[in-house]
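A.B. asks: Below: one structure in structure tokens.
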Amino acid sequence: MQPMSALRAGTGLQELADEQLMEVLVAGNKAAFEILVQRHKARLYSYLLRLLRDPTEAEEVAQEAFVRAYVHADKYRNIAKFSTWLYTIATNLVRNRIRKTRSAPKLLSLHWGHDEDDDREPIDLPDPGDRPDRVFEKSELQGLVARGIEQIPARYREAFVLREVNHFTYEEIAEITGLKLGTVRSRINRGRGHFRDAMEPLLKRLRGTE
Amino acid sequence: MQCGMARSWMQSRRDTALSAPQERELDQHVMECADCTAFGRDLRLVDSWLQQAPVEEPAANFEWRLKLRLAQLEREGRQPALPARGANWRPWLQFGGAMATAALVVVIAGSQWLQSRPAAPDPAPLAWERSNSHPSPDEVLVTPLRDERRAPPAFVGPPSPPSLYFVGAGDSSVSALDSARTPNSLEAR
């Protein structure tokens, strides 16, 4: 078979939904998978980066998730969204990876296995200088938000990110994580609480300028 | 209405709409409670910040590396089972039928050509060198094995289809070839 890159996407493929692209892929048109990768790689990588907090690890897991989705394309059943299926694969890979590192010798676990709750601190805001009421640049705000998400304990961060950043429904998150719906709601609410706590310095500053 | 319930409703309505009476009750409480007003404002701010959560891009060569991995899988034979369930098999059957017909035509033409071939100069057994690729459609090299004094290898014309005509290298294959020739064709030139 020709490598995926040897095929050229038809002009109609870009307009197809993810699930339709999977059908096209299973029918033998590998260009459909290129489009799926282009659509999902950034958000999937972001999700994994927020769980793993390491760019190299996040890229490796993202690659592996896409590889598995490709190899097992014939097993994809159109009863769930493709993104749900893809994120389920990725989430299981993350859990397997974390499980392996936790059972690794102590020296290796220093990086991965430390109690993340010990790292929780509110974000540090840049010094406003003479302008306490200055509006944050978008990039600054994005950095603060990213750090705020990092402060959420791992147990809640998974469901929180899937809901607040990737905008999956509660039912989809339950399917991705394998958790009950009630547990998903609870973890998302706890995650929101931790995120608000992490962003408290910014909230205080904004309140102080009103 | 208690502040705890009001704050719980403010959070839950982000996911599930409140009923009209609940909305009215909540709005009434928020108007009267400064703390819940501030809480609601903070919620809206935090929500707006989350909308700005950055989407990180992987490295620029992410797709290229993925393609390499998939190409490697294909070389290892670990490609997906394509086409799979629900695929339309009719084109495959038509293709297979056409190939079978073409092969039959080639066999018949080949056997007729062999019968009309001039005698080979060397009556000694010849061996077809099997190769992994199909021979050129125009010519094939006949390589004698046993006697180095013979004439250099000669091109004897279009090949017969080795994969269909010969079961494998060896004497049985040679007998099959010889048996297709007329007695006169075996005379040395």
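The values are calculated or read from the model by the stated rules, or taken from the named source; none is laboratory data. The structure displayed is predicted, hence computed values, not measured ones. Cβ sites come from the backbone with ideal geometry, for glycine too, and all protein chains shown count toward neighbours. Remember, those area values only see protein heavy atoms, side chains included, never the ligands or the DNA or RNA. Shrake-Rupley method; radii C 1.70, N 1.55, O 1.52, S 1.80 Å.
A.B. asks: What are the ³J(HN,Hα) couplings of the stretch A:14-26, residue after residue, when phi is run through the Karplus curve with 6.51, -1.76, 1.60 and θ = phi - 60°? Round to Hz, x for glycine and proline.
C.D. replies: 4, 7, 6, 6, 4, 5, 5, 4, 5, 5, 5, 4, 5
A.B. asks: Under a straight-distance cross-link criterion of Cα-Cα below 29 Å, which lysines are reachable from A:K204, leaving out those fewer than 8 residues away in the same chain?
C.D. replies: Partners found: A:K138.
A.B. asks: On average, how many beta carbons from a partner chain sit within 10 Å of the beta carbon of a residue in A:65-76?
C.D. replies: Details: counts 0, 5, 6, 0, 1, 7, 6, 2, 5, 8, 4, 2.
Across the residues of A:65-76, the mean count of other-chain Cβ atoms within 10 Å is 4.
A.B. asks: In this model, which of A:K41/B:K67; A:K30/A:K75; A:K41/A:K100 are farther than 20 Å apart at the alpha-carbon?
C.D. replies: A:K41/A:K100
A.B. asks: Excluding ligands, DNA and RNA, what is the solvent-accessible area per residue of the stretch B:1-49 at a probe of 1.4 Å, expressed in Å²? Walk me through the numbers on the way to the answer.
C.D. replies: Working: 2870 Å² over 49 residues.
Accessible area per residue, the stretch B:1-49: 59 Å².
A.B. asks: Continuing with the same structure: Using packing as a proxy for protection, rank A:68-77, A:170-179 so that the peptide with the highest average count of other Cβ atoms within 10 Å comes first. Mind dumping the intermediate values first?
C.D. replies: Numbers: A:68-77: 16.8, A:170-179: 18.6.
Taking the mean over residues of other Cβ atoms within 10 Å, the ranking is A:170-179, A:68-77.
A.B. asks: Can you compute log10 of I(q)/I(0) for the stretch B:1-83 with the Debye formula, treating each Cα as one identical point scatterer, at q = 0.13, 0.27 Å⁻¹?
C.D. replies: For the stretch B:1-83, the Cα-only Debye profile gives -0.58, -1.25.
A.B. asks: Interface A/B, total buried accessible area with a 1.4 Å probe, nearest 100 Å²? Could the numbers behind the result be given before it?
C.D. replies: Working: alone 12690 and 15090 Å², together 23380 Å².
That pair of chains buries around 4400 Å² in total.
A.B. asks: Compactness ratio of the stretch A:147-210: Cα Rg over 2.2 N^0.38 Å, N = residue count?
C.D. replies: Working: Rg = 13.3 Å, N = 64, 2.2 N^0.38 = 10.7 Å.
Working it through for the stretch A:147-210, the quotient is 1.24.
A.B. asks: How well do other chains shield peptide A:139-149, expressed as the mean number of their Cβ atoms within 10 Å of each residue Cβ?
C.D. replies: Values: counts 2, 0, 5, 6, 1, 2, 7, 4, 0, 4, 3.
Whole-number average of other-chain Cβ neighbours for A:139-149 is 3.
A.B. asks: Tell me, in nm to one decimal, what length is gained between B:R24 and B:L68 on full extension, where the rule is 0.36 nm per residue of separation less the Cα-Cα distance? Can you show the working numbers first?
C.D. replies: Details: separation 44, 0.36 × 44 = 15.84 nm, distance 5.89 nm.
Going from the current span to full extension adds 9.9 nm.
A.B. asks: Let me ask something else about it. Given a Förster radius of 56 Å and the C-beta distance between B:A109 and B:R44 as r, what FRET efficiency does 1/(1 + (r/R0)^6) yield to the nearest 0.05?
C.D. replies: Numbers: r = 82 Å, r/R0 = 1.46.
Once rounded, the FRET efficiency stands at 0.10.
A.B. asks: Over the stretch B:1-44, what percent of the accessible surface lies on carbon and sulfur atoms, probe 1.4 Å?
C.D. replies: On the way: 1410 of 2710 Å².
Ligands and nucleic acids excluded, carbon and sulfur give 52 percent.
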